[in-house]
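The structure appears right after this line, and notes come after that.
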Amino acid sequence: MEAEQFLQQIERLGIDFYTGVPDSQLAPLCDALYQKYGAAHKHHVVAANEGGAVGLAAGHYIAAGRPALVYMQNSGLGNAVNPITSLLHEQVYGIPCLFVVGWRGEPGVPDEPQHKFQGAITTELLGLLGIRSFILGEDPEIFPRCGALLEAGKCAAIVVKKGSLTQRGKAAYESRGSLKRERALEMILESAGETDLFVSTTGKTSRELFELRERRGEGHERDFLTVGSMGHALMIALGVALEQPERTVWCLDGDGAAVMHLGGLLLAAGLGCGNLIHVVMNNGAHESVGGMPVAGGPRDFTPLAESMGDLAAFQAGDEAELTQVLPRLLAAEGARFLEIKTALGSRPALGRPTVSPQENLAALRGWLQCGR
C-alpha cells in the first residue's frame, strides 16, 4: 500500500496527530508525514523516544478527545511498555491509541542479529500489553477493525512487514555539515592510543568503524559494536570506563541516540569519569533509518554538555576544526565531551560487520583479560 493511501485511511478514523521514532521499514510513512507536516508540527512530532511518543499521544487525547497514531520499530516497544501499561491501559486511564509497528526480525525473513528475538515475540508482546494487532496486507478489514477498537477506548496496532508500505518519492532531508561521519571516525582512530577502547552506537557508526578497522588492517577486539539498544552506548561505555580506569574509553554516539536517553549525559558528566570521552556525531538526523530529523530538529549539544557537570567540552564543525580540536581533547583532564557536526550520507557500498555479536564480545573480553 502506498503511504499516502495509508494516511488517507488513518485520517478516516479521526486521527490527525502523529508521533514516533523513525524506522527504516516505516520510511514511506515517515517520508509522507515529513513531506506533509515537517518534523515538528501541531500534527506531527518526531519524538525523542517511543515512551515519550506515547506520552504525547496521551496528552493529545486528553486535550482533543481524539486518538493519535504512534509509529516505531518493534525494538522500540521496550521503551513504550511503561506508559502503555501504566497510562494507556483500560485498567488505568483507558486512553485509545493506534500503533504502527515496523516488523524487523520477522520469522523466516533474513535480518540483523539484534532483531531476531524481538521479531519472534512482536505480536505476542503486543498481545501481552493488551493491544490487538493486525498485519498490514493480510486483513482487508484492518482499518474498520482498528477504528472499532479505538471507538471502544482500546489500543490497536498495525504491524508492517518489510515492503508492505511503498512511497511515490523519497523525502529530501537537508545535511548539517560538510564532514562525513566516516572521515571523522577515521581521524579519531588515527588520534587514539593503542590501548584505547571504543563503544560505538547502533547503525551506520558501528558499520563504518568495523570497515575502517578492516581497511587499516586491524582487528576488532578493541571495539564494542552496539548493534541494538539504541541510546544506551554511553551507559555501556561508562560502565566499561568505571571498571577500566587506566584505559581511555571512547563512546562514539549519534545525535538521535543521544537524545533518546539524554539523562545518560547528565549521569556521565556528574560522575566525572576522567577516562571517558563521549563523542556525539551530530548530523541532525536519524540517518540509519532514513534521514528524518531528530526530535525538535538539529540542536547543539555542547552547551548542554557544559551545563551538566564538570567536564571539558569541545566542538568541531569541519575537518580543519577537528584536526585542531583532537589534540586539545586528548590533553584535557577529567571527563571529556566532543560534538562533531557531520554531513548526511555514507558510502553506497557500506557493509555490515562480518562477525556475530557473540564473537565481538568474546574478542573484546579476551583482549581485556590479556591486560593490554
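Quick notes on this structure:
- Test: residue in the range 83-100 that is free of Cβ contacts under 8 Å to residues at least 24 places away in the same chain and either in a helix (DSSP H, G or I) or farther than 24 Å from Leu125 by Cβ (or both): yes
- Of all the residues in the range 325-366, those that are polar (S, T, N, Q) and either exposed (fewer than 12 other Cβ atoms within 10 Å of the Cβ) or in a loop (DSSP other than H, G, I, E, B) (or both) number 4.
- If you check Gly217, Gly231 for being touching a His at 6+ places or on another chain (Cβ under 6 Å), at positive phi and either open to solvent by 10 Å² or more (accessible area, probe 1.4 Å) or touching a residue at least 40 places away in the same chain (Cβ under 8 Å) (or both), only one passes: Gly231.
- For the range 53-69, a residue qualifies if it is open to solvent by less than 40 Å² (accessible area, probe 1.4 Å) and free of Cβ contacts under 8 Å to residues at least 12 places away in the same chain, and exactly one does: Gly59.
- Within the range 301-324, the set of residues being open to solvent by 80 Å² or more (accessible area, probe 1.4 Å) and either more than 15 Å from Ile188 (Cβ to Cβ) or out of contact with any strand residue (DSSP E or B) (no Cβ under 9 Å at 6 or more places or on another chain) (or both) comprises Glu306, Ser307, Asp310.
- Test: Leu197 is modelled with pLDDT of 95 or more, buried (at least 18 other Cβ atoms within 10 Å of the Cβ) and over 30 Å from Arg66 (Cα atoms): yes
- Counting only residues that are of a type in the set (Val, Ile, Thr), assigned to a loop (DSSP other than H, G, I, E, B), touching a residue at least 60 places away in the same chain (Cβ under 8 Å) and farther than 27 Å from Trp103 by Cβ, the range 244-296 holds 0 of them.
The values are calculated or read from the model by the stated rules, or taken from the named source; none is laboratory data. Computed from a prediction, not measured in an experiment: that's the story for all the values here. Because the Cβ atoms are built from the backbone with ideal geometry, glycine has one as well, and the counts that use them run over all protein chains shown. Surface areas here come from the heavy atoms of the whole protein model, side chains and all, with no ligands, DNA or RNA. Shrake-Rupley method; radii C 1.70, N 1.55, O 1.52, S 1.80 Å.
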